[in-house]
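Heads up: the structure comes next, in structure tokens.
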There are 2 protein chains.
Amino acid sequence: MNKKEALLNAAESKARLGGYSNFSFRELANEVGIKSASVHYHFPTKADLGAELAKRYTENFLCALGDPAALISRGKDPIEHYIELFRHALIADKKMCLCGLFGAESDALPEKVKLNTKLFFEKNIDWLQSAIEKLEGDTTVKARNKAVFILSLLEGAMMMSIVLDTNEIFSIATKFIESIKN
Amino acid sequence: MNKKEALLNAAESKARLGGYSNFSFRELANEVGIKSASVHYHFPTKADLGAELAKRYTENFLCALGDPAALISRGKDPIEHYIELFRHALIADKKMCLCGLFGAESDALPEKVKLNTKLFFEKNIDWLQSAIEKLEGDTTVKARNKAVFILSLLEGAMMMSIVLDTNEIFSIATKFIESIKN
DNA sequence: CTATACTTACCTATCGATAGGTATTAATAT
DNA sequence: ATATTAATACCTATCGATAGGTAAGTATAG
């Protein structure tokens, strides 16, 4: 078992429940069976851990998304696919989007964590924009606007589903995405 | 000057930037000019302070919203009015919605803070639902669905505007609210 | 005299971080 | 093949700072 990966997994789980301050070196160390001082071997500072957390989360998310063009050629709607990934993060994990939470508290985060959180949103907007351009033949601007709309709605709906403790909120909100399709 | 209110103001400012863990009794005490132990006189525990924070935020927000029927009778669109309040919170304060942030980290919050955060969303959905019923003559269910949609979108757009450091995101997202009007 | 609004002086628990040390393994030089 | 060096992955012990919280005392206003 890779301790570094185990630390990131433990940190991600805690961060997705309560943010950057919801995990500590001691807790993570206990969970993976090492001492808290040893966590510093893998991650010099907590900011390094947080930044790598956001980076890995983004990479995994984009990897799970795949290529929009490839999805379309396989007859799949990339927007539906995108919504499904958010739904899975909410229902299967019962946790917030890591970067949604980091984003909300970004003003209080170390610079490198904030930067990687920002990249999550930029890359997600790019992915959605590209998918919408290909799928609906919108202009660059119109596709980007729709991308911003979809991502905003999904993040907000996810947060409200968690605090109101019902997935119905997410279902209701996502139904409105259809109304902007051409 | 009322120290208790000053403490709540200081706490709200910090919480809206970095969440529940972004304010401490010591910091708040320093800001208002008393000792940290004295904060316990006004708020026995941090959870009490957090709960009162969310409660006061909700009350102030609903008070600023006013009565939907009264707005309509004055020829004002309550939905536009609602969006304007969120826009103000974002642009004038340059901070997140307190309950949007608390909501995202609600799984790690003390029960009474979580409860009051939940009430913010329930009361806001009720307000929006009532406004939409009166304004557009929708059924109860349809109006509630639209309310959930609007609130989700506004919270998500606010978060993304902050992390991407541009109010354009909020503008783009809110334009899509028109598309669901009858 | 009593309630209000603090103060001083603590406590315990935890935080991220550092210094210095120890096995084990891998790479390199002789 | 053997000796030396160095990297890996931890350890113990401790640091100063900060967290929330408590008990007992004090000044002040009605």
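The values are calculated or read from the model by the stated rules, or taken from the named source; none is laboratory data. The structure displayed is predicted, hence computed values, not measured ones. No Cβ is skipped: glycine too gets one built from the backbone with ideal geometry, and neighbour counts run over all protein chains shown.
Any idea which residue in segment B:134-154 is surrounded by the fewest Cβ atoms within 10 Å (Cβ to Cβ), counting only those that are away from chain A (no Cβ under 12 Å) and of a type in the set (S, T, N, Q)?
For segment B:134-154, the residue satisfying everything is B:Thr139.
Looking at B:Ala173, B:Ala131, B:Ala157, can you tell me which residue is assigned to a helix (DSSP H, G or I) and either more than 9 Å from chain A (Cβ to nearest Cβ) or at pLDDT below 95 (or both)?
Within the list B:Ala173, B:Ala131, B:Ala157, the selection yields B:Ala131.
List pairs: first residue in segment B:119-136 and under 23 Å from A:Ile162 (Cα atoms), second residue charged (D, E, K, R) and assigned to a helix (DSSP H, G or I) anywhere in the structure, Cβ distance under 7 angstrom, at least six positions apart or on different chains.
Every condition considered, the pairs that remain are B:Ile125/B:Arg144; B:Gln129/B:Arg144.
Among the listed residues A:Lys4, A:Lys14, identify the single one that is buried (at least 16 other Cβ atoms within 10 Å of the Cβ), out of contact with any Lys or Arg (no Cβ under 9 Å at 6 or more places or on another chain) and part of a helix (DSSP H, G or I).
A:Lys14
Quick test for you: out of A:Val141, A:Val148, A:Val113, pick the one residue that is in a helix (DSSP H, G or I) and within 14 Å of the chain's Cα centre (by Cα).
A:Val113
Filter segment A:42-56 down to the residues that are near DNA strand C (Cβ under 8 Å from one of its atoms) and farther than 19 Å from B:Leu17 by Cα and list them by number. Full working, then the answer.
Within segment A:42-56, the first condition is being near DNA strand C (Cβ under 8 Å from one of its atoms), and the residues that meet it are A:43-49.
Those that are near DNA strand C (Cβ under 8 Å from one of its atoms) and farther than 19 Å from B:Leu17 by Cα: A:Phe43, A:Pro44, A:Thr45, A:Lys46, A:Asp48, A:Leu49.
Pull up segment B:160-170, narrow it to residues that are more than 7 Å from chain A (Cβ to nearest Cβ) and in contact with a helix residue (DSSP H, G or I) (Cβ under 7 Å, 6 or more places away or on another chain), then point me to the one that is surrounded by the fewest Cβ atoms within 10 Å (Cβ to Cβ).
Let us first name the residues in segment B:160-170 that are more than 7 Å from chain A (Cβ to nearest Cβ), namely B:161, B:165-168, B:170.
Now restrict to residues that are in contact with a helix residue (DSSP H, G or I) (Cβ under 7 Å, 6 or more places away or on another chain): B:161, B:167, B:170.
On the way: B:Ser161: 25, B:Asn167: 16, B:Phe170: 25.
In this case the residue turns out to be B:Asn167.
Do we have B:Lys3 as more than 17 Å from the chain's Cα centre (by Cα) and within 16 Å of DNA strand C (Cβ to nearest atom) here?
yes
Using beta carbons and a limit of 8 Å, which pairs, at least six apart or on different chains, have the first residue in segment B:138-159 and farther than 23 Å from A:Ile125 by Cα and the second one part of a helix (DSSP H, G or I) and of a type in the set (Ser, Thr, Tyr)?
Once the first residue is farther than 23 Å from A:Ile125 by Cα and sits in segment B:138-159, its partners that are part of a helix (DSSP H, G or I) and of a type in the set (Ser, Thr, Tyr) give B:Ala143/B:Ser130.
Taking B:Ala29 as meeting all but one of (1) touching a residue at least 60 places away in the same chain (Cβ under 8 Å); (2) surrounded by 18 or more Cβ atoms within 10 Å (Cβ to Cβ), write down the number of the exception.
Of everything listed in (1) touching a residue at least 60 places away in the same chain (Cβ under 8 Å); (2) surrounded by 18 or more Cβ atoms within 10 Å (Cβ to Cβ), B:Ala29 misses just condition (1).
Anything in segment A:1-46 that is within 14 Å of another protein chain (Cβ to nearest Cβ) and either hydrophobic (A, V, I, L, M, F, W, C) or near DNA strand D (Cβ under 8 Å from one of its atoms) (or both)? List them, or say none.
Across segment A:1-46, the qualifying residues are A:Ala11, A:Ala15, A:Leu17, A:Phe23.
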